[in-house]
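Take a look at the structure below.
Taken together, the values in this text are just the output of simple stated rules run on the coordinates, not laboratory data. All values reported here derive from a predicted model rather than from experimental measurement. Here the Cβ positions follow ideal geometry from the backbone for every residue, glycine too, while neighbour counts run over all protein chains shown.
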């Protein structure tokens, strides 16, 4: 029987397999940031261990970094200590670090692909659930906790029980105005926040094939919001074109060898998935969330649902609580929901294509009175590229704030946060209670919807303008 | 890691689904660089509500948390596990867990137990009726017992053994250091390095 893409990559990394034990899986790339690593480095120190492969490890500062006044020390002493701890750990253990202010700094899931370190057929881990992003290249990439970070630092491996496989096939072409973000929000609403649990999702079909690498990264990024261990897309010409010439991509004869190998990384025709979901792209429209988990989403043309309309008592109760937290009334058209803040950025939607989409909508328009809009590039390189293209001028001229790179208001560990009761339209990945600041209310949207919403002050698609 | 064989004690019913790790420990607590002090952050936003279940005196000192489906979804923060343990929980029972949370729990010796939605509901109802009810979570026999009910749960044999022995994964893996070195000689030479 044939094998799936996920199985091919997994099998190629099994160091040791023994009956009744987890497989020992080799890790090709370990990405590190300041939040989930300090206790892991401490663990190494206490046990007198070293980093086995610093040459397969790279660190960046992203979660805590302010997006203004980069040259000043971080004002919050606790954040500052965490960032300084990462610097000391990287220096002590010989790990390459891109600190704040460095031209290579950025969100961990933006810099890996940008450097060409994320490659098809590799295994990638990071102490961050959105590591699934890297699966867009046909890498097997998943988030881990701090104990596992320490394990990878010490051994460059992880004990794993092989996940099951799930195919999400999106047939047909995405209609105009429907983006990768709308697609993944619709997928999560369809399969639920636990629908992918224990599985690696492979995204397939015409609509996926026609996405750019940025769009594919947006889709794979939110696999975790569908509960999946990882998301993957088979590498193809789009992937190779993105990688060619990047600093850590193979070159010369190695490039040819790499492309030959990468081309073999596709699911065999006779392979069988443990679970399959089929979606018709033609039915999709701009999609937004109304609740407090990423599965609570609807087409923008819809209305806030009545909790009584859910048959499942667990979903009903969850919807009741979500409406109360979100301050919403059943039956309200989603387009009538007014927002205070619009956030563009994060590892989901902080790439150049996202910023182009935002600038495309904002060009010649103004952010509505009373609305604050933050645009935070995913990395310093993305910021520079956007500035070279003049996107920053369009964004600033509209009244939005053009910021430095980092995770920013996606999780509000830096000064960018919502105040209690404040409502946002956000291109990030989580609408959890308090995610963007205690008491904050989040609607997840695409970059295009974010920009149109900023213009009207209510949830809006560009086509409505 | 502390070994886990059997726990007998009281339980807290948390009647919520999709309890993501941002709720278990909000991001502001993640700035610490130590492994201690996270008990204060456990459900810190929800604990501001005096009626929240953890604020009810009858559940004080309980070691089992009984929650709705999709517990521990979202962020990979292991701080969620540390917070639960440091607060005093030894076991979390739910119909379904986030994968990373479940992994993190077993690395630290917090036992995640999957029971059916009906079993969880029954357990929550009985605990609400009698908060002093004793629950036994028996890892050796893979079962939870309460009020005359016995519910079997699944856990793979290796993880069960590691939890019962309280073994650290890194030490176990390093017994295979030669296999890792051998594997490294077979890696494609053009695979990327960060240097």
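General remarks:
- Whole-angstrom gap from the range A:56-72 to the range A:281-358, using each part's C-alpha centre: 30
- Considering all C-alpha pairs of the range B:1-54, those separated by over 12 Å amount to 74%.
- The range A:37-93, relative contact order in percent, only Cα pairs under 8 angstrom and at least six apart counted: 49
- Model label zone, residue A:270; criterion: amide N under 18 Å from point 7 Å along Cα-to-beta-carbon; scope the range A:1-23: A:1-5, A:7-8
- Taken as Cα centroids, the range A:416-465 and the range B:156-195 sit 42 Å apart, rounded to the nearest whole angstrom.
- Percent antiparallel among DSSP beta bridges (both partners in the range A:289-464, rounded to 5): 20
- The Rg/Rh ratio of chain B, with both radii computed over alpha carbons and Rh defined as the Kirkwood radius, is 1.04.
- By the helix-only formula, in which each DSSP H run with n ≥ 4 contributes -39500 (n - 2.57) and the sum is divided by residues, chain A has a 222 nm mean residue ellipticity of -9000 deg cm²/dmol.
- Normalising the average separation of contacting C-alpha pairs (under 8 angstrom, six or more residues apart) by the number of residues puts the relative contact order of the range B:6-166 at 27 percent.
- Computed from the Cβ-Cβ distance with R0 of 56 Å, the FRET efficiency linking residue B:134 to residue A:46 stands at 0.90.
- Between the range A:1-53 and the range A:103-126, the Cα center-to-center distance that results, in Å: 16
- Rounded to 5, the percent of DSSP beta bridges in chain A classed as antiparallel: 25
- Stretching residue A:84 away from residue A:263 to a fully extended chain increases their span by 60.2 nm, per 0.36 nm per residue minus the current alpha-carbon distance.
- GNM result for chain B, Cα springs below 10 Å: residue of B:66, B:33, B:19 fluctuating most strongly: B:33
- From the C-alpha gyration tensor of the range B:143-195, square roots of 5λ in Å: 41, 14, 10
- Among B:148, B:74, B:166, the largest mean-square fluctuation in a Gaussian network model of chain B (Cα springs under 10 Å) belongs to B:148.
- √(5λ) per eigenvalue of the Cα gyration tensor, the range A:289-464, largest first, Å: 28, 16, 13
- Working note: 222 nm ellipticity from helices only, DSSP H runs with n ≥ 4, each -39,500 (n - 2.57), summed and divided by the residues of chain B, gives -8500 deg cm²/dmol to the nearest 500.
- For the range A:78-164, pairs of C-alpha atoms spaced more than 19 angstrom apart make up 47 percent of the total.
- Whether the range A:381-465 is rounded, prolate or oblate, judged on the alpha carbon gyration tensor where a/c under 1.5 counts as rounded: oblate
- Working from Cα pairs under 8 Å separated by at least six residues, relative contact order for the range A:284-438 is 25 percent.
- Sorted from greatest to least, the principal axis extents spanned by the alpha carbons of the range A:1-159 come out as 59, 35, 22 Å.
- Computed log₁₀ I(q)/I(0) - Debye formula, equal Cα scatterers, no solvent, the range A:109-226, q 0.10, 0.12, 0.16 Å⁻¹: -0.30, -0.44, -0.76
- Kirkwood hydrodynamic radius of the range A:167-320, from inverse mean 1/r over distinct Cα pairs, in Å: 17.0
- Alpha carbon convex hull of the range A:236-366, projected area averaged over orientations, nm²: 13.6
- Overall dimensions of chain A by Cα: Rg and Dmax, Å: 21.3, 64
- Rounded to 0.05, the FRET efficiency of the residue A:308 and residue B:54 pair, given R0 = 35 Å and the Cβ-Cβ distance, is 0.75.
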